[in-house]
1. Of the numbered conditions (1) assigned to a helix (DSSP H, G or I); (2) within 16 Å of the ligand (Cβ to nearest atom); (3) more than 28 Å from the chain's Cα centre (by Cα), residue 268 fails exactly one; give the number of that condition.
2. Any idea which residue in the range 357-390 is surrounded by the fewest Cβ atoms within 10 Å (Cβ to Cβ), counting only those that are under 30 Å from residue 512 (Cα atoms) and out of contact with any helix residue (DSSP H, G or I) (no Cβ under 7 Å at 6 or more places or on another chain)?
3. Kindly establish whether residue 419 is surrounded by 13 or more Cβ atoms within 10 Å (Cβ to Cβ) and assigned to a helix (DSSP H, G or I).
4. Could you tell me whether any residue of the range 199-213 is within 16 Å of the ligand (Cβ to nearest atom), under 29 Å from the mean Cα position of the chain (by Cα), surrounded by 14 or more Cβ atoms within 10 Å (Cβ to Cβ) and not in a helix (DSSP H, G or I)?
5. Quick one: what pairs do we get from the range 85-104, first residue closer than 16 Å to residue 35 by Cβ, second at pLDDT 95 or above and surrounded by fewer than 17 Cβ atoms within 10 Å (Cβ to Cβ), C-beta under 7 Å, 6+ apart or different chains?
6. Report, ordered by the first and then the second residue, all pairs with beta carbons closer than 7 Å, sequence separation of six or more or different chains, a first member in the range 261-277 that is closer than 19 Å to residue 23 by Cα and touching a residue at least 24 places away in the same chain (Cβ under 8 Å), and a second member that is outside any helix (DSSP H, G or I) and more than 8 Å from the ligand (Cβ to nearest atom).
7. If I ask for residues that are away from the ligand (no atom under 13 Å from the Cβ) and either under 27 Å from residue 325 (Cβ atoms) or out of contact with any helix residue (DSSP H, G or I) (no Cβ under 6 Å at 6 or more places or on another chain) (or both), which ones from the range 239-265 would you list?
Ligand code: MSP
């Protein structure tokens, strides 16, 4: 099944250190598409990486008192770790600080200059540091950045310009003649009406007021504008303008550039214009998906919005997080995240619909036959179940082509719902009581096993761990029975094999208990300050909201309600089955130490804190965390790069002393 090549990219991420469920969105979507296409026989190249230059990063490194490199290496490491936890199967991770990329960007800049498409002039206008975007006065909305609504700076400096205006016709034609280039369609009108029709203006592509970037080789006081530097990652990662461009020759142009909607202007207008200037083939598709929002509440603690993807995947499994992103957020539109929706969906769709179907079926196969039973002639609703199954691959493949990822997941869950209904219709437990119905019982269970196998084969693209568990429990190893070709005909599952009903795929959760625990974790892990210098925005996009905690004023009576005490850590241990929590015994001068569970295990080993004095919120309602009753909260401070430190008194003082 040799199909074409498929080159898919995520945008390269700003190393902000604020990893959120929102941050994972684009990458999880791309991973599902890449996995699907690989399984479907395409030669896939899946690229992701980090966007490490620009004023924003330089300021953040300065604020952290670190060199840019030191600051970046740590954060980029965290991001790569996150992708590993979430099972992201990228083929390459590019950093714009990689030497080969910087050299290639210099060659690109020189080539555009020599062609006359880059020229020197003076820039006077407005600059949004968090978005790294230039704006004219008329483009500002109420004097603020039209993309994110934040303050802009009046900037005047000698700059190089790219002749974007020269490519007006090319871009107009690209968007107007090619209805699937920019998707969803609504975004196309937005680009045409707001940016293209008013006339494209030449773009400032160098800066002189800071130096954290790729130097312009022939004028070294300039650094290349971050967006030019960043966009070309899609080409340099494949070796364009490098020593070996074989990947570039094989995979160029990108089939899909995936991103959230706020950066489609760069990808659907500026990027193709750069490529046209270099006579390079243009990308197949730019897809601008929606945002994950916290509703109107950006202060996560008040709604218990623990959205740290490390915590969610550790507690509930990476596949539960992948499922939420892939299915629950309608693809192309904004979607809301809440802990409540997350936990409820995990129970209903994963524990009930999927998990129960698998465990019920395997239990009945083992109980009634001890092995996969023989298929038999169709009866009742068999044909309907089979037909739905037989249409599923084509339907999912077409939806993944659009792409409509949540639509593809809906189609898979439709089959799961139908299969559960089929069990209720056929009542295998009743058939089992009547020896004359043994053949029918065999056929019903065979149909269910084959349905589960087929769904698991498709789920390998979306929820790889869960799919692997199901296939293993059906006794299927990698090979033909797990490939898409096994979906062509009904009945690839051989009869006679053993099945193993292992642990439940998704144990049912007590929703109230989980929500309380997530709240308590949110409270115990972070007390965040306003992050100055880095991303200090106000928009509701999940990652923008995080780290920007606007606290309403409280009066002194409110503050006095909090009983803060100095405690001495007399003992501390790691909490089993999590790498996040420490369980400490803290002496507050009450005769008996208190047990306090804190989310600091990534930052402190138990032996680091034994003997230390800490500040404890002593009158916090006790809460159970991982089955341990936690009787207080330890105060910590954390910064934008993910550093965390315990707050300790500067001199030793009696345990239990009041903090005021
Ligand atoms: N560095 C630029 C991209 C340069 S590409 C040449 C950038 N980086 S980002 O870190 O801010 O965003 C990376 C991706 O995550 C983008 O697709 C962005 O839109 C997406 N998202 C970040 N937060 C998001 C949500 N809350 N919801 C959905 N997607 C979000 O932009």
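1. With respect to (1) assigned to a helix (DSSP H, G or I); (2) within 16 Å of the ligand (Cβ to nearest atom); (3) more than 28 Å from the chain's Cα centre (by Cα), residue 268 is out only on (3).
2. Here the answer is 363.
3. Answer is yes for this residue.
4. yes
5. These pairs meet every condition: 87/465.
6. Short answer, once both residue conditions are applied: 261/288; 262/147; 264/182; 264/286; 264/288; 267/257; 267/286.
7. 243, 244, 245, 246, 247, 248, 249, 250, 251, 252, 253, 255
This table checks each residue for (1) under 30 Å from the mean Cα position of the chain (by Cα); (2) crowded, with 16+ Cβ neighbours inside 10 Å.
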{"position": "112", "(1), (2)": "no, yes"}
{"position": "121", "(1), (2)": "no, no"}
{"position": "127", "(1), (2)": "yes, yes"}
{"position": "139", "(1), (2)": "no, yes"}
{"position": "149", "(1), (2)": "yes, no"}
{"position": "152", "(1), (2)": "yes, yes"}
{"position": "160", "(1), (2)": "no, yes"}
{"position": "163", "(1), (2)": "no, yes"}
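The values are calculated or read from the model by the stated rules, or taken from the named source; none is laboratory data. Note that the structure is predicted; figures quoted are calculated from it, not measured. Ideal geometry is used to build each Cβ from the backbone, glycine not excepted, and the neighbour counts take in all protein chains shown.
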